[in-house]
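Heads up: the structure comes next, in structure tokens.
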Amino acid sequence: RVANHDGGLGSGLVMSGGSVDNEVNVTIGLGANSVVTVPGNLVVSGSTVIKVLPSDFMANEDGGANKSILYDDSGVLGVRTSSDNAELYAFVEIPFGKTATSVIVHGNDTGNVVEVFEAAIDASGLTDRTPGGGCVVGTACNMTDVEASDKNYLAIRITTTTAASDIVYGAAVTVINTNDL
């Protein structure tokens, strides 16, 4: 316990038993105005999801370089290509200390193929990270893990078939701490 501003005592570090075996819950700080400072490195285990928004996708040169963001009164929001059999790309930075382990693209056509590549800011070209031909919209891609470096990022490609109706809503990239591997 530590003296508060008004002289009362408060607990700034509380540890309690969890609801299952081998679980301990910890609360650091007391109250919404508390500030927790970590002078060294903080390592947080578990996974994090990076959201990829519809506006993060761009069309390649197939059928022109246009894409359209779709929003209608029924609440449909997404992106689509301007021509049939075209591709949408999204480029996602992998945070330092993290490794990308999974990608899932959300959309209305679960037959559209999704592929994940590793790219570099100092080179042209893509390295395929989805062996066996990738996956499809709505399923998690079985991909080779990609550890962050000072130059790499992910390139996500969705091959659409029908411009008038194939809509991509967004995507999620799951990353974990590289040290957790």
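The values are calculated or read from the model by the stated rules, or taken from the named source; none is laboratory data. Just so we're clear, the structure is a prediction, and the values are computed from it rather than from any experiment. Please note: Cβ atoms are built from the backbone with ideal geometry, for glycine as well, and neighbour counts cover all protein chains shown. For accessibility, only protein heavy atoms count, side chains too; no ligands or nucleic acids. Shrake-Rupley method; radii C 1.70, N 1.55, O 1.52, S 1.80 Å.
So here's what we get for this one:
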quantity: Proximal charge balance of Phe96 [Cβ under 11 Å; K/R count +1, D/E count -1]; calculated: -2
quantity: Accessible area in square angstrom per residue, region 83-153, 1.4 angstrom probe; calculated: 48
quantity: Sequence of Leu42, Leu126 from largest to smallest accessible area, 1.4 Å probe; calculated: Leu42, Leu126
quantity: Whole-percent carbon and sulfur share, accessible surface of region 15-62, 1.4 Å; calculated: 55
quantity: Sequence-distant residues sharing a close amide H with Thr162 (under 5 Å, placed H); calculated: Asn85
quantity: Hull volume in cubic angstrom per residue (convex hull over the Cα atoms of the chain); calculated: 207
quantity: Where only C-alpha atoms are counted, convex hull volume of region 89-181 per residue in Å³; calculated: 90
quantity: Listed peptides 35-41, 130-136 by packing density, highest first (mean Cβ within 10 Å); calculated: 130-136, 35-41
quantity: Exposed-site-free run, longest, the chain (rule: GluC sites (Glu not before Pro); DSSP loop; at most 15 other C-beta within 10 Å); calculated: 62-181
quantity: Amide H contacts under 5 Å for Ile94, placed H, 5+ residues apart; calculated: Leu154
